[in-house]
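Derivation of every value follows stated rules applied to the coordinates shown; laboratory data play no part. All figures in this text were calculated on a predicted structure; none of them were measured in a lab. Neighbour counts run over all protein chains shown; Cβ positions are idealised from the backbone, glycine included.
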Amino acid sequence: MTPPDSAQFPAPAVIARALSQRVTTADGTLAILSEVELAVQAGETLAITGASGSGKSTLLGMLAGLDQPSAGEIVLLGQRLNDLDEDARARLRAGRVGFVFQSFQLLPALTALENILLPLELAGRADARERAAHWLDRVGLAARAGHTPRQLSGGEQQRVAIARAFATDPEIVFADEPTGNLDADTGARIIELLFELNASARTTLILVTHDDALAARCRRRLHLVAGRAREVTLA
Amino acid sequence: MIYLRLGLWLLRRERASGEWRVLLLALIIGVGSVSTTGFLGDRLKRAMSEQGASFLGADLLVTSPRPIETWPAPSVKNSKLKTSSLATSQALEFSSMVAKGDAFQLATLRAVDAAYPLRGTVRIADRPFAAGTPRPAQPPPGAIYVEPSLLPLLSASVGDRVQIGEAHFTIAGVVAEEPGQLGGVFGFAPRVFLRADEVEQTRVLQPGSRLTYLYQFAGAPDQLAAFSAALKSTLDSTQRLIGSREGVETLRGAFANADRYIQLTALISLLLSVAAIAIAAHRHALRHYDQAALMRCFGATTAQLRTLYAVQLLTLGLLGSLIGVAIGALMQQALAGLILPDAVTRLPSLGLAPVGVAVVSGLLALAGASLPALMRLIRVPPLRVLRRDLPPLPVAAWISAAVSGSALLVLIAWYAGDAKLVGVFVGALAGLIGVLTLLARLALVAGRGVQRMAHGPVRFGLAQLLRHRFDSTLQLGAFTLALFLVALLALVRSDLIAGWRQQLPPQAPNYFLVNIAPHQQEAVAAYLSQHRLKASTLYPMVRGRLVSKNGTPIAETLPEDARDTNTLRRELNLTWTAILPANNAVLAGRWHGDQRAAEISVESGMAERLNLVVGDQLAFQVGDQTLAARITSIRSVKWDSMQPNFFVIFAPGQLDALPASSIASVYVPPNAAGVLPGFVKTFPGITVLALDKLIANIEAVFDRIIGAIQLLLGFLLAAGMAVVIATLLASLDARQQEAVLLRTLGAQRAYLAKGLWSEFIALGLLAGLLASACAEIAMALIANRLFELPLHLHPWLWLALPLAGALLVGMSGWLTTRHITRVPPMQSIRELG
């Protein structure tokens, strides 16, 4: 296991070195990501943008330890992911990494409160129920605690998902097209909420988006073209 | 710990989901089925064990067709049946008529002394089915005790006078409990206790009567052991020595075999439930891939997910098994009432052992059915949260097959007991599945033609049926199996009984007159001809035991495994005649005719069993005499001719010196049945066997057994419905999507509903038709091969089974899917995500 990279300060939350992902298809080898270099400092916000199929979600999944690269190295929260197996990567994520998805990914059988409760329970938090209620309140849905996702609008579902992502006090939150399934107004309100919570929790936020308005809210932006990264410095 | 709690929590939140419900329902049905038979079997087995010595009424019982005059010393003093240290009792059992007014009934009489029984209790009550009080089995002088079932047959009650032979007795009480009662559950003739010293005055015992002498012993174990060791060598093959342990063991052995087959029948329901569970578990896994992936994102490891889902499964397994056991506990009481209507209150209470067996069976079935699906579930890649099309990592097919296969094999092996039966069961099951699959496929191909002719919602419904070919095959197979078995059982019952009745040619003898004393022969013949009744020839009957062939003891001439035959254990009915009886044909040698030589004719089946050929010299033991004769012919006998038939027929004159009674058969037309009470009154010692009553008795026993099996088949039908529901649930999402599309395109709710009904009714009709065909074929084979009954079709079957199928499948199908016709399209779209 590689020790945390102590040469830099503050410690980067995520580092990717020469990250490549190739898949073999019937027509030959296809490069999805090529030689991506990236370091995201703790507390930073990064938007990954690019056209459909440019490898955005693949990169996000790898940075979060959900998948292994074909080549290159990833260090997440000080741990070199290449050295960890699937289960060890899961243990690393437990309570330290939050997720927000385009399709919300709420469990249909659970209420809004219970959906927030789930990662807290998984992380073994003693004050799980109180925290879940607190976060539901933070996203303005205290009155909908007992409602199942089916009874909530898309925007409300995404708010529950955001509360769920922040409830465990994660060090880093990954968001995949968080406004992708929402109309412009709702999307704007969701962006507002996401950044507000991120700022107050001082979480590192890495998100994938098509939405320029959303990308513009991030401090840094990584643009992918056919699997190759180009950092766009924002004004 | 967290995952344990989390598993339970998620389970509670999802308890209303269709998959869990079907899984639970199927498990309850399966476990209910095996625990019903398990409980009852256990109660019967324990009843036998607990009865122990009281089961025989003694520590040691000797039965013999003849009185035993000499007993081994030293235990028995003076070679008489009196010992210094062993308690003894003697009883005599025989059949005779009991008459009251114009009513008469064949009964099994047990003449007992004051000491009977040595062990156990006899309870006598003053009215039928009362608890009674413990009393000696020997009634007071001039009185008898009877089994409750005799009273309605004679329209008699306690206190009435009845006639047995030439003597009259008062019914002094009914037998509420006696040793060994459970063993005689299926006895045909009700039992009557009378005093041993009053048998003589009935004058029913004739030479040639079938008698059983019962000698009971009780005492210290070492003395009994010495006594039985000394006794064993003095007994011949028709005499039996039964220790209390042995007696129970023999009965238990026979019972265990029957029990095993019944348990295997019950197991079929559990195995059918496994199909439903497997389908439900598969759908559950499919619907939970996202949940599992999400939890992996949140940090759950494979082991943690495994714990979480295992906890859920185990909880459901235990819950389903326990509810199943509770249902089994209720159903076994109903089953006991059917099989043992008289003894059910005396069975021991429910045991705990079957609970364990049923719960473990349920968990094994659940594991076998659902582990492959869950193995896939915990192998879901976390990346699925971003790419929803990602399937779980594949589980090698052989691992799934090994997990399911070994769980099911363990179950079958456990219930079947020995390797051979496992093989037969698995083979039969595989064959049945193969045939049913093939038939279902063929039926679906035929359905395509019908679908082309149909239109509107019916066409749409049939199209659904044909499109989900795998599901339809499975549903059709499961339901056909259940309907087929139910129908087959009903056919076996009705055809067999009807067959026996029809096979009697018109005016075939319908009564046997047994035990006709030599001095009565002329009077009987005169009585019958006076009433214009046509009787068969009167055949003298002597009872004897085959002892040797060509000078060698008969047992030694046979291979070890062929010695245990009834022909050697029982005394044979021997007769003589010069005329070859009708329905007999000489197959080898020549008929002895009226040649008065030491010659015999032997029935072909007996000759085959005992390796006898023309020219063999046989010796028979009759009383204390030995009779030798040479086989001069081998005969075939038509046993169902309802004439007196014999294994061995001597040439004339050979049996003259021996005491004999005679037997005859007679045809009494229905309008002349009034003659019989007069006959019984005139000849009280002659036993009148009514074939009608005999068949009615067999019918009654048959009905009880079949009623019991039908109860078990109820579970099978329920399991079949669970399979239908599970497969429908599995296709529910796809169906909902189609419904949304159709409704968006303008289809009305009624159109969708009609489509669904058409689909399920068609499925039920098809299952009913297939089951009818299978039942007809199976019945034809059974009738032809086993019982040699004439073949005929059962038109009502072809109507009843499809109707029943349509009703049951239609109901379960509609209840499962009606939701999709009611939900507005927009809500459907949301539900499906």
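Observations on the structure shown:
- Phi-derived couplings, Karplus 6.51 cos²θ - 1.76 cosθ + 1.60 at θ = phi - 60°, listed residue by residue for region B:12-23: 5, 5, 9, 4, 7, 5, x, 5, 4, 5, 5, 4 Hz, with x used for Gly and Pro.
- Approximate spin-label separation B:Lys534-B:Arg596, in nm, with each point projected 7 Å along Cα-to-Cβ: 3.3
- Potential extension, B:Ile497-B:Arg46 segment - 0.36 nm per residue separation minus Cα distance: 159.0 nm
- Using the Cβ-Cβ distance between B:Arg469 and B:Trp398 with R0 set to 30 Å, the FRET efficiency works out to roughly 0.70.
- Filter on B:Lys638/B:Lys681; B:Lys549/B:Lys638; B:Lys420/B:Lys549; B:Lys45/B:Lys232 - keep pairs with C-alpha separation over 31 Å: B:Lys638/B:Lys681; B:Lys420/B:Lys549
- Computed over chain A with a Gaussian network model linking Cα atoms closer than 10 Å, the most mobile of A:Ser200, A:Ser54, A:Ser34 is A:Ser200.
- Highest average first, the peptides B:592-604, B:406-418 ordered by how many other beta carbon atoms sit within 10 Å of their residues are B:592-604, B:406-418.
- Ordered by the number of other Cβ atoms lying within 10 Å of each residue's own Cβ, fewest first, A:Thr209, B:Thr234, B:Thr632 fall into the sequence B:Thr234, B:Thr632, A:Thr209.
- For GluC sites (Glu not before Pro), the sites in region B:143-243 that DSSP calls loop and that have at most 16 other Cβ atoms within 10 Å are B:Glu166.
- Modelled label reach - B:Leu587, point 7 Å along Cα→Cβ, region B:609-632 residues with backbone N closer than 13 Å: B:609-614
- Under DSSP loop assignment and at most 14 Cβ neighbours within 10 Å, longest trypsin sites (Lys or Arg not before Pro)-free interval of chain A: A:1-201
- In this rough spin-label picture, where each label sits 7 Å from Cα along the Cβ direction, the B:Glu560-B:Thr302 distance is 5.4 nm.
- Counting neighbouring Cβ atoms within 10 Å and putting the fewest first, the residues B:Thr577, B:Thr108 line up as B:Thr108, B:Thr577.
- Inter-chain Cβ neighbour count for A:104-114, averaged per residue, equals 4 (cutoff 10 Å, partner chain atoms only).
- Calculated FRET efficiency, B:Arg459 to B:Arg15, Cβ-Cβ distance, R0 = 60 Å: about 0.95 to the nearest 0.05.
- Mean separation of Cα pairs under 8 Å and 6 or more residues apart, divided by the residue count, gives region B:94-196 a relative contact order of 38 percent.
- Shielding by other protein chains, A:87-97, mean Cβ within 10 Å: 4
- If the segment from B:Ser349 to B:Asp102 were pulled out straight at 0.36 nm per residue, it would be longer than the present Cα-Cα gap by 84.7 nm.
- Here B:Leu444, B:Leu712, B:Leu314, B:Leu756 are placed in order of increasing Cβ neighbour count within 10 Å, fewest first, which gives B:Leu314, B:Leu444, B:Leu712, B:Leu756.
- Counted over region B:534-667 with a bin width of 10 Å, the fraction of Cα pairs per bin, in whole percents, is 12, 46, 35, 6, 0.
- Volume of the convex hull of region B:94-196 (Cα atoms only), normalised per residue: 92 Å³.
- Counts of other chain beta carbons within 10 angstrom of each beta carbon in peptide B:301-310 average 2.
- B:Val360/B:Leu438 FRET efficiency (R0 41 Å; Cβ-Cβ; nearest 0.05): 0.75
- Each label point was placed 7 Å from the Cα along the Cα-to-Cβ direction; for B:Leu409 and B:Ile777 their separation is 2.9 nm.
- With the helix formula -39500 (n - 2.57) applied to DSSP H stretches of n ≥ 4, chain B reaches a computed 222 nm mean residue ellipticity of -18000 deg cm²/dmol.
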